[in-house]
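What follows is a short report on a single structure.
The values are calculated or read from the model by the stated rules, or taken from the named source; none is laboratory data. Being a predicted model, the structure only gives us computed values, none of them experimental. Here Cβ is always computed from backbone atoms with ideal geometry, including for glycine, and neighbour counts include all displayed protein chains. Ligands, DNA and RNA are excluded from the accessible area calculation, which covers all protein heavy atoms including side chains. Shrake-Rupley method; radii C 1.70, N 1.55, O 1.52, S 1.80 Å.
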Amino acid sequence: MSNSSIAHAALDPGRMIVLPLKPRFAEAILAGAKTVELRRSEPKIVVPTRALIYATSPVRALVGTCIVTSVVSERLAALWREFGPRTGINHQEFLNYFEGVEKGTALTLADPASLPQPIPLTRLRETSPGFRPPQSFAYVDTRTGDELLRLAA
């Protein structure tokens, strides 16, 4: 059984996480070049958890999925040492992002998959009227997440 199959077999059955990302980071994750996503606050998820990748402006669309395989919160120096090369940013961007906080969170990502076609924000809101692109992350129940993903088929 591949790692991918193992991860999917054990996914959190109750909910998914929505990760809003600048388009360049969404593209890097979907291309497999960026395998760690950074956050200033720690999401409360059971890993592995399926993540919905939402590309922010100017794209403003759900563009893919991946699996969050771990959540690591550490002091910034340790976080950069352990994950820096996998984040898709340089050290100065890292310091700028975490300015004003002592600890950060790294989400390790696996199994990126682009949707057959992006799902624009207007369409997401038609299907799920309460859908709002989050600032850092948000949770959706699995049923809602699956409904949103079916729009790309």
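A few remarks follow.
- Counting only residues that are open to solvent by less than 40 Å² (accessible area, probe 1.4 Å) and at pLDDT 95 or above, region 1-29 holds 11 of them.
- Lone qualifier among T122, T65, T105, T144 - being in a helix (DSSP H, G or I), of a type in the set (V, I, T) and open to solvent by less than 30 Å² (accessible area, probe 1.4 Å): T144
- Of the criteria (1) of a type outside the set (V, I, T); (2) under 18 Å from F25 (Cα atoms); (3) not in a helix (DSSP H, G or I), which one S70 fails: (2)
- Every listed requirement among (1) surrounded by 16 or more Cβ atoms within 10 Å (Cβ to Cβ); (2) within 24 Å of P13 (Cβ to Cβ); (3) among the aliphatic types (A, V, I, L, M); (4) more than 12 Å from the chain's Cα centre (by Cα) is met by V72 save one, (1).
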